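J.: To start, I am sharing the structure in question, which I have written as structure tokens.
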Amino acid sequence: MAMLRPNPRGDFPVVSESAFVDPTAILCGHVIVEGDVFIGPYAVIRADESDENGHVEPIRIGSGSNIQDGVVIHSKDGAAVTIGSRTSIAHRSIIHGPCTVGDEVFIGFNSVIFNCTVERGCVVRHNSVVEDCVLPAEFYIPSTTTIHSNTDLLTIPQVTQDATAFSESVAEMNVSLARSYRRIANEL
């Protein structure tokens, strides 16, 4: 069983019965995990910092999404983090709120997403940084790219069909993994 624990306010994670959370993962506080989500080994999702009024917005993981090995999702001052449906957050990435990551987004290995919105269908490849901006739908961020509020988005390409197909295959595989690992856990 994964480590599910309350934050200092007493908020406790809520995890759908159809989600799979690896036993080594840690979910703390006001975390909401929807159906068919896969959360991999050593992922840490913490909704434990509050704002000046003691309020903590949720970290919400949308249905069919996957949070892969070693991912960290956290937020400053109780701000919300929303991960859309059928979105893939790849190994060792950091999502730090306030932040919204839309539906059908792919965030590559070791990438950092901070204080921003990444809209539907974007692909952020490996070792990239996106911060303090809105990344419009269907943008493709090549590996090792840094995007800030002053980046000229006209220099950034749109997502290709190949990149979309890759993102969809990762999401489908991880929904299948969530179901398979749930079945194994139920058999033990």
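A quick yes/no check of all residues on (1) over 22 Å from residue 172 (Cα atoms); (2) open to solvent by 60 Å² or more (accessible area, probe 1.4 Å):
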residue: 83; (1), (2): no, no
residue: 117; (1), (2): yes, no
residue: 124; (1), (2): no, no
residue: 138; (1), (2): no, yes
residue: 146; (1), (2): yes, yes
residue: 159; (1), (2): no, no
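J.: Just to be sure before I move on: is residue 113 of a type in the set (Val, Ile, Thr), more than 21 Å from residue 74 (Cβ to Cβ) and open to solvent by less than 50 Å² (accessible area, probe 1.4 Å) in the structure I sent? Spell out the reasoning first.
T.: On the way: of a type in the set (Val, Ile, Thr): yes; more than 21 Å from residue 74 (Cβ to Cβ): no; open to solvent by less than 50 Å² (accessible area, probe 1.4 Å): yes.
So residue 113 does not fit the description; no.
J.: Oh, and also: Out of curiosity, is residue 67 buried (at least 21 other Cβ atoms within 10 Å of the Cβ) and within 12 Å of the chain's Cα centre (by Cα)?
T.: Values: buried (at least 21 other Cβ atoms within 10 Å of the Cβ): yes; within 12 Å of the chain's Cα centre (by Cα): yes.
Yes: the conditions hold for residue 67.
J.: Against the conditions (1) surrounded by fewer than 18 Cβ atoms within 10 Å (Cβ to Cβ); (2) out of contact with any Phe, Trp or Tyr (no Cβ under 8 Å at 6 or more places or on another chain), where does residue 132 fall short? Just the number, please.
T.: (2)
J.: Of all residues in region 6-37, how many are farther than 19 Å from residue 62 by Cα and either crowded, with 21+ Cβ neighbours inside 10 Å or free of Cβ contacts under 8 Å to residues at least 24 places away in the same chain (or both)?
T.: Residues in region 6-37 being farther than 19 Å from residue 62 by Cα and either crowded, with 21+ Cβ neighbours inside 10 Å or free of Cβ contacts under 8 Å to residues at least 24 places away in the same chain (or both): 4 in total.
J.: Another one. Does residue 164 satisfy the condition of being assigned to a loop (DSSP other than H, G, I, E, B) and either open to solvent by less than 50 Å² (accessible area, probe 1.4 Å) or farther than 19 Å from residue 116 by Cα (or both)? Before the answer, list the steps.
T.: Details: assigned to a loop (DSSP other than H, G, I, E, B): no; either open to solvent by less than 50 Å² (accessible area, probe 1.4 Å) or farther than 19 Å from residue 116 by Cα (or both): yes.
Criteria not met by residue 164.
The values are calculated or read from the model by the stated rules, or taken from the named source; none is laboratory data. What you see is a predicted model, and the numbers here were worked out from it, not measured in a lab. We place every Cβ from the backbone using ideal geometry, glycine too, and count neighbours over all the protein chains shown. Protein only, heavy atoms only, side chains kept; ligands, DNA and RNA dropped before computing areas. Shrake-Rupley method; radii C 1.70, N 1.55, O 1.52, S 1.80 Å.
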